[in-house]
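The values are calculated or read from the model by the stated rules, or taken from the named source; none is laboratory data. Because the structure is predicted, anything quoted here is derived from the model rather than measured. Here Cβ is always computed from backbone atoms with ideal geometry, including for glycine, and neighbour counts include all displayed protein chains. Only protein heavy atoms, including side chains, enter the accessible area calculation; ligands, DNA and RNA are left aside. Shrake-Rupley method; radii C 1.70, N 1.55, O 1.52, S 1.80 Å.
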Amino acid sequence: MSEQKLYYPPEALVKNAAVSGMDHYRRLCEEAERDYEGYWANHARNLLTWKKPFTQVLDESNAPFFKWFADGVLNASYNCLDRHVEAGKGDRVAIIFESDDGQVTKVTYAELLKRVAQFANALKALGVKKGDRVVIYLPMGVEGVVAMQACARIGATHSVVFGGFSAQALKDRIQDAGAKVVVTSDGQFRGGKQLPLKAIVDEAIGMGGCDTVEKVIVNKRTGMAINWVEGRDLWWSDAIAGQSDVCEPEWVEAEHPLFLLYTSGSTGKPKGVQHSTGGYLTHAALTMLWTFDYKPEDIFWCTADIGWITGHTYVCYGPLAVGATQVVFEGVPTYPDASRFWRMIEAHKVSIFYTAPTAIRALIKASESNPDVHPKRFDLSSLRILGSVGEPINPAAWEWYYREVGGERCPIVDTWWQTETGGHMITPLPGATPLVPGSCTLPFPGIQAAVVDETGNEVPWGQGGFLVIKKPWPSMIRTIWGDPERFKKSYYPADFQGKLYLAGDGAIRDPETGYFTITGRIDDVLNVSGHRMGTMEIESALVAHELVAEAAVVGRPDEVTGEAIVAFVVLTRPRPEGEEAAQIVKELQNWVAKEIGPIAKPKEIRFGDNLPKTRSGKIMRRLLRQLAKGEEITQDTSTLENPAILEQLKG
Ligand code: WTA
């Protein structure tokens, strides 16, 4: 890697950057090292407005359940809205919303504050109180941000569920969180199609076990026909009718749970990652200023959906905390055609653009067959910084993004982080870090990342190992909702004496520069199009089908989606072939889409009379991964109970 070309930031950018040059970067790292608590306390004080200032910084007394700024009191929505309005910036545009069909609406900070306050009052009128959970199942749009901010305003803990998740997945999340209210819309627009949402909420609640849900608030988006449950359902417009657009924020302690966000782990059950208010918001704001070098003249656009962590930190909270003008979009990058992103960057003069490698790869492909959607057809001169998130970006995609989109003048910040980390952890800083395609480079100042072996000892640079974070940081996960034991086991395992945060990714550092490269998950979690999927989750969904006796799911590298899901399935009936097999494949794919969501659909399903197992009955996933890739099995298979099965599963 050391021999690769380095890409240096342009002079003009370095000059005005918040973190300017590598010496500055190193000074910040040293400052954090010297006085870790003082460093974070300064940021928390300078970046946020506190109702009651904190006197405690890091509380490690109940490790690994760390607390930050615990005796401080604040409100996230106040920090994202009121304080900008109070500072005379109410007329500034907060959100430029572009819908699936290209209609543009602009909302100022003053208007957004009123809408949030009014919806907050509506929630209060329905009996939602501090600490209650509200599930938000909405498409991308201003309402999603309003609903999240309104929860924050009254101290209710939101749990956003991505609009692509199925009724079953939604039900599991409503139930686990014990939600009092569900906020949804009749439907959503996506790629020119109308898709239902309210019907899925009805189905989820209809499955039983969601008795905590008292009200379902429905925003009218598509106008499609929906069922109505009298007494439970109410329209958004009716809920806010007559409500004041002023709402005193609920002042909460810094550790108050701002939100839960469910993510996949290595067991079948998704984990409700719990985040705090003060520590989370501190890092959301700081990374806006340093990773994105955000300046008041910037137009910021993060393309992530609010259903994912990226949409939480870099749509709902980070940009608003720093008073930015941001673009929010509904739809997909390929509709009405694959120039949607470029057209929007041109139209809205976007200067900071943050998206996922999957989208880049899909758009590269599209522009190869259709020159009209190539970025060079558009005026992208407003861009100054590009970002990448969610999965490793392969050097070829990186180079294209850098050249064709950024015109070789925009640094790419390849940000490594996770739902659990709340914000960026390892990332270039655009006015400082020389870039290497495919590397997320160096830790954010104050974040102490390392690569260790299975006993927790740091390995030499150039040697692969487990990625860990050595010290607690303000925006870290606080616990898994309702399952503190699982939190400890998953993230602070005994192998490391409970002292290191285990990220679940493998990493390697460049022997000369120490730059980090992420080598992929070390657990049974797949990353498909930047979405985390547990293999066990998909397996559980498959075996719930009456035709399936046993299933094993693995990932296979995929040109566009990063990884693709391949399922090996044993049926309860004889192994099918030809047309019949194809039909069962279709049926099972649709089944998984229904059980979890379309993002979990296996790309390929292969049938066998059995799965390759050791004599003790353990499925040999390593072999399955090789089979999925179409590789010859070269290693010793003598521990296999049934070596003949490999031939059948060859695809
Ligand atoms: C992967 C998304 C390589 C990684 C913010 C991580 C990445 C998981 C990168 C978290 C990156 C995220 N380079 N891999 N820049 N960013 N990942 O929770 O495997 O949806 O553990 O958070 O995505 O996914 P999550």
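Cα gyration tensor of region 25-95, axes a ≥ b ≥ c as square roots of the eigenvalues: rounded (a/c below 1.5), prolate (a/b > b/c) or oblate?
oblate
At a Förster radius of 41 Å, what calculated FRET efficiency corresponds to the Cβ-Cβ distance of ASP91 and LYS52, to the nearest 0.05?
Between ASP91 and LYS52 the formula returns 0.85.
Gain in length, ASN227 to ARG45, computed as 0.36 nm per residue apart minus the alpha-carbon separation, to one decimal in nm?
The span from ASN227 to ARG45 would gain 60.7 nm if fully extended.
Mind listing the Cα extents of region 529-649 along all three principal axes, in Å, largest one first?
Rounded to whole Å, the extents work out to 38, 32, 27 Å.
Count charges around ALA552 for me, please; just the other residues with Cβ under 9 Å from its Cβ, Lys/Arg as +1, Asp/Glu as -1.
Residues near ALA552 contribute -1 overall.
Scan region 1-73 for trypsin sites (Lys or Arg not before Pro) in coil per DSSP, keeping those whose Cβ has at most 15 other Cβ atoms within 10 Å, and list them by number.
Here the trypsin sites (Lys or Arg not before Pro) that fit, given the DSSP loop and packing criteria, are LYS5, LYS51.
For labels at GLU512 and GLN4 in the simple 7 Å Cα→Cβ model, what's the distance in nm?
So the label points at GLU512 and GLN4 sit 1.3 nm apart.
Tally Lys and Arg at +1 and Asp and Glu at -1 over the other residues with C-beta under 11 Å from the C-beta of ALA225: what net charge comes out?
Summing Lys and Arg as +1 and Asp and Glu as -1 gives 0.
Could you tell me the calculated FRET efficiency between ASP211 and THR267, based on Cβ-Cβ distance and R0 = 25 angstrom, to the nearest 0.05?
My answer for the efficiency is 0.50.
Separation of region 594-651 and region 522-538 by C-alpha centroid, Å?
After rounding, the separation between the Cα centres reads 17 Å.
Provide the packing ranking of 254-263, 499-508, 139-148, i.e. peptides ordered by the mean count of other C-beta atoms within 10 Å per residue, highest first.
Answer by packing, highest mean first, reads 139-148, 254-263, 499-508.
Once you place label points 7 Å from the Cα toward the Cβ at ALA549 and ALA582, how far apart are they in nm?
Between ALA549 and ALA582, the simple spin-label model gives 2.6 nm.
Taking region 588-646, how much of its Cα-Cα pair set, in percent, is spaced more than 16 angstrom apart?
Percentage above 16 Å: 52.
Expressed as a whole percentage, what fraction of the accessible surface of the chain belongs to carbon and sulfur atoms when a 1.4 Å probe is rolled over the protein heavy atoms?
Carbon plus sulfur share of accessible area: 49 percent.
To one decimal place, what Kirkwood hydrodynamic radius in Å is obtained for the chain from all pairs of distinct Cα atoms?
For the chain, the Kirkwood estimate is 25.5 Å.
Simple spin-label model, 7 Å along Cα-to-Cβ: ASP35 to ALA396 in nm?
Between ASP35 and ALA396, the label points sit 5.1 nm apart.
GLU368 label point, 7 Å along Cα→Cβ, cut-off 15 Å on backbone N: hits in region 387-402?
Answer for region 387-402: 394-401.
Provide the percentage of antiparallel DSSP beta bridges, counting only those with both residues in the chain; round to the nearest 5.
Bridges in the chain that DSSP calls antiparallel: roughly 60 percent.
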